[in-house]
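Scroll down for the structure; my scribbles are underneath it.
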């Protein structure tokens, strides 16, 4: 559960509704089905035209993922890499395979069944990290591992970025269709004007599409695109750190030096810079 | 047939028309030939001034291509590259020529005729892949092949990107001419105002150009530019993968390792990341 | 003559005027000298402040160049490079000097006179290509030639790009001064309001500056900047191709291989990709 | 204390309030709690949805930091680096440890206590510089030090940049919610119009949200994002200079040459270019 | 004196005032002190908050520099570099020191006094060029010189670019505060509406802040930012050319070849490309 996402959405909506009601605004007057059809239907149509089916069908899943906390954690991943590095030095590269298996709470033969039975209770290894370690075990050389993992990052990130851009696109189309709806309404209103009073009421209705367009963009789509893009950036940073770690393991680097080399990445988990600096120093002294 | 494109266009238009009609809007009042002449004519004129003839005459073909599904497929291309790689290792580089000929369902001498007769029923090889393989057969060295293919990507993509940008340009000009039409209308209306009622009706007409400008941009041009740009990006990714594959074939790499090295690109066809991860692992075990 | 430029300008203007007249608009009402003084004078003043004299005095020439077709042609340049390459291989590097002289229809001693007499009837060699060939004849080494020509591209393009940006700047200032004029008009109108009718007429006049600003930007400046920038990009691509060609000549590469290596650039002249693919293949077979 | 920040805020607010009051504006009429709830609540909600908790909780601290002058100083840092370089040359690399300890006014064992007692009176060493020097003392090789410090810059700056972007995001959301509030108000007003007079007063209130949105963005968020980004850039430049300095120390470069090599960075402290040029020359002569 | 800057400013202002007066506009009605306080005061406040004191105090000097022609000249600098190169080849590297001293019309001992007495009558050497030559005289090696000069460019340009960005920031804030002033005015006006006539006059006043915001941005700040940025780019190009020249001198290159290598940069002084091409050729023949 990503509490911030849920809280953000609630606070945004409650503030607007509350502020509006405080001054005697009638919330019911803001609902108009036909306006929602124009704005949401139009914007969805344009997003469908703008993207392929493969991407568009990921739209709902991406939206739901907004409210889930991603599990990857910088500090734990570093600890795991150091542990692998220690094992590789002590017991040889092949010992890594056992650690991976142990970590996944399963041995390869019963992978499927284990997954069903207790998949939730045991931490799964990040597939990116795993595929890198597997290459180390297979004895691939440093350049191969690096280039494979970097291709993996590049290809995955391009795909993820283009999926996230659906929210940006939606955030651009919604206000545009809002304005289109308002102009269509104004054309209708002005063509049939009888009295200023009736006209004012009709204009009021025409503005509702503009309101919906703005709400869809600002309450949902722009923040969603931002959060998803930040998570993507964060996961990229973790992957870059993993590459550095795996190269260190492949090179047989001293685990302590490896931990030190990865320590700058801890800034993402440490609560303050001071904490981190002390951390690093503490590590130094132990050495 | 790109169903998403057609559906997107239909859903966008139906939503707007439906939402408008739901509230008693008169769709007929939104049609005005003179407004369309101003917006579409003006925007087309500016696009013609902004581009050369070579690009402008590609405009209709590009628009039609929106509704066609491109045929290139990542997984098939990888399979084909691995097949070439196996043949090259077993039967020597020259055997590649036969595979290419077989794949095209024709031998070179009767290329033209065969093309007419059964060109549709047999899969044509991507010309980019083919020209790369031809260089391998001719015995060109690795650097030459790479540099030739990379030049080919760069030059083609620059050309394609500049063609696609016509839709962006159109999407920028259409609303501008819409606003120009509305201002011209307002100048006329305000100069000859007699009664508020007649003025309102005239203003209503003046807004129609703004509506058309917005519709041309948001219903067609912006989504079209987006979809075409995504396809271009995808075809670039495939070409980069092909370069990697051809270099592997030229180097005489093990076909299994080649397939593994290309596996990150499968993310574009695999339905889920999990599927892909298992895929990779399955491949590993076979090895 | 660049027909597209002239056609584009005419179609844009005729569409707007025609569409406006179709609905009974009075074109004469759109002309107001004082509005043109505010918008064009203000925007020109800002462009003068924004640029130096060296750039500003190129403004009219750049505008006129819009309507002239540039003469460089990708296919001819490749043919010429291959011809040079053949001659260099057969008769030695020094033979290139004769070809250059022959091509320019003059021997060096009478350069000035010949130029006057028949300068138009004979094709002049692109000065960029010529200076590169001259370096080859002088026996400069590969790195020197490359670095000299690349500096030449970089410096010239920076200068050309900054000249072209005058149209972008003009396209940004014109609507801004249009809005300034309208606000000045509205301030005057509102301060002296007597009756709604007279006010409407005065507001009508105030809108004319906004109209002019939009027209200057959208009918002329934005498309002009776009076309000039595309031509610059095209000429850059040709120059990059020339560098590759000259390096091939300097290295004594096989002319056939040189032609093949330059073939991807043909995409800019070939009418279709298929045509190009066949082209390349045809070349291959001859070999 | 960053006087410019405080002055800027005061001058901005006083100018607006003063200019408004000069013409008889009633400042009290600009305050409306419900409008502030809509704009600030809505924008905060969207920022919460757009960012994670780790970033959002840094928001207040970042805002307060605006008014604090950062302590790092280019000239002092260069002097300190040169001092370290001299000591390293004279007394060996291990002597650096003593200087660091002396500088921090504490020996390691009593770090905590010293910090409490006289932490303010003694200059703390920049932790980035310190961790670099520590690696030199530990005998890490040049590439290791460089790569570690560059990773540190990259990771920290990415984090800092994403935190600063909260102000940009807030600056984009505030006016959007301002407009949303105004449209909601207009819908309410127009639906219940009775007399033009009452309508005007109600519209007046509806505009207040637009005002608040603009004020939050322009008086606070945009300038804040700019200042924080500039400081980040400045601290990056210092860090790059520190890397160059530490590499020089590690290489055992002549301290005078080191100072000269770092002199271009002095442009950030020198009051004029002339001053700096003379500085450099003065240094040269001494040598 | 930069005549274009002064002319541009005058033409812009005269066009607006003239066009406005042509139609009977009353220029006096456009002046309102309170509006200027809101817009200029607000925008200045935000710029102060956005920048540090070091940058802000450069604001007036930068503005004045707009109207001064910078003295550096590409052709003269190239001539000077070639002269240095000739002297270095003939009389050795140490002879450069004498040329520098001669050029500055002073010997080092009396630098200060000479400067006062005849500083204006003698050309001062560009400090960037001078510090490079000094390194050559000191016998620094090529990489050191290059890296020092490149750091110098990078650091200076970052600083200069951030100073210039103050004009961009001012150009963004001025219209924003203009709009804020207008909204504050409208809120006041609409809240106290009595008759349409009095309201119109009051609205007229409210628009003045919008006008001022637009004028400050478009007449002054945007063109100023553009011109200063162009000059910065030009001075960067000269500096890059100087680096190439100094490396040539350090390497002891043939002065004629050096001049040829630097010739592409002449495009910035030559009046036409043809002129330049002939220039280069003329140089070639002499050789």
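The values are calculated or read from the model by the stated rules, or taken from the named source; none is laboratory data. Predicted model only: the values in this text are computed from it and were never measured. Cβ sites come from the backbone with ideal geometry, for glycine too, and all protein chains shown count toward neighbours.
All but one of (1) away from chain D (no Cβ under 14 Å); (2) part of a helix (DSSP H, G or I); (3) touching a residue at least 40 places away in the same chain (Cβ under 8 Å) hold for residue A:13, so report the exception by its number. All conditions are met except number (1). Comparison of D:224, D:217 shows that the only residue that is modelled with pLDDT of 95 or more, under 14 Å from the mean Cα position of the chain (by Cα) and either surrounded by 21 or more Cβ atoms within 10 Å (Cβ to Cβ) or under 25 Å from residue E:179 (Cβ atoms) (or both) is D:224.
To keep it simple, each residue is scored yes or no on (1) at pLDDT 70 or above; (2) surrounded by fewer than 20 Cβ atoms within 10 Å (Cβ to Cβ); (3) touching a helix residue (DSSP H, G or I) at 6+ places or on another chain (Cβ under 9 Å).
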residue	(1), (2), (3)
C:248	yes, no, yes
C:251	yes, yes, yes
C:264	yes, no, yes
C:270	no, yes, yes
C:283	no, yes, yes
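Would region E:47-68 turn up any residue that is closer than 30 Å to residue C:193 by Cβ and either surrounded by 18 or more Cβ atoms within 10 Å (Cβ to Cβ) or within 11 Å of chain C (Cβ to nearest Cβ) (or both)? Scanning region E:47-68, I find no residue that is closer than 30 Å to residue C:193 by Cβ and either surrounded by 18 or more Cβ atoms within 10 Å (Cβ to Cβ) or within 11 Å of chain C (Cβ to nearest Cβ) (or both), so the answer is no. Number of residues in region E:138-154 that are within 9 Å of chain D (Cβ to nearest Cβ) and closer than 21 Å to residue E:94 by Cβ equals 5.
Before we move on, is residue A:34 away from chain D (no Cβ under 14 Å) and farther than 22 Å from residue A:202 by Cα?
Numbers: away from chain D (no Cβ under 14 Å): yes; farther than 22 Å from residue A:202 by Cα: no.
Here the answer is no, as residue A:34 does not meet what is asked.
Results for (1) touching a residue at least 40 places away in the same chain (Cβ under 8 Å); (2) farther than 30 Å from residue C:196 by Cα; (3) out of contact with any helix residue (DSSP H, G or I) (no Cβ under 9 Å at 6 or more places or on another chain); (4) at the interface with chain C (Cβ under 8 Å from one of its Cβ atoms), shown as yes or no for each residue.
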residue	(1), (2), (3), (4)
B:156	no, yes, no, yes
B:163	yes, yes, no, no
B:171	yes, yes, no, no
B:174	yes, yes, no, no
B:177	yes, no, no, yes
B:182	no, no, no, no
B:186	no, no, no, yes
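Given the criteria at pLDDT 85 or above, under 21 Å from the mean Cα position of the chain (by Cα) and within 17 Å of residue A:81 (Cβ to Cβ), does residue A:237 qualify? Yes, satisfied. Is there a residue in region D:138-150 that is modelled with pLDDT under 95, farther than 23 Å from residue A:238 by Cα and assigned to a helix (DSSP H, G or I)? Yes, region D:138-150 has at least one match. Can you find even one residue in region A:193-207 that is at the interface with chain D (Cβ under 8 Å from one of its Cβ atoms) and within 36 Å of the chain's Cα centre (by Cα)? The answer is yes, given that some residue of region A:193-207 is at the interface with chain D (Cβ under 8 Å from one of its Cβ atoms) and within 36 Å of the chain's Cα centre (by Cα).
Matching residues to (1) modelled with pLDDT under 95; (2) touching a helix residue (DSSP H, G or I) at 6+ places or on another chain (Cβ under 9 Å):
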{"position": "D:1", "(1), (2)": "yes, no"}
{"position": "D:10", "(1), (2)": "no, yes"}
{"position": "D:30", "(1), (2)": "yes, yes"}
{"position": "D:68", "(1), (2)": "yes, yes"}
{"position": "D:74", "(1), (2)": "yes, yes"}
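With respect to residue D:48, is the statement that it is in contact (Cβ under 8 Å) with a residue 12 or more places away in the chain and touching a helix residue (DSSP H, G or I) at 6+ places or on another chain (Cβ under 8 Å) true? The answer is no for residue D:48.
Within region E:238-260, the residues that satisfy the criterion of being more than 18 Å from residue E:133 (Cβ to Cβ) and facing chain C (nearest Cβ under 9 Å) are E:257, E:260.
Let's see how each residue does on (1) part of a helix (DSSP H, G or I); (2) at pLDDT 90 or above; (3) within 17 Å of residue D:215 (Cα to Cα):
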site: E:25; (1), (2), (3): no, no, no
site: E:36; (1), (2), (3): yes, yes, no
site: E:42; (1), (2), (3): yes, yes, yes
site: E:45; (1), (2), (3): yes, yes, yes
site: E:54; (1), (2), (3): yes, no, no
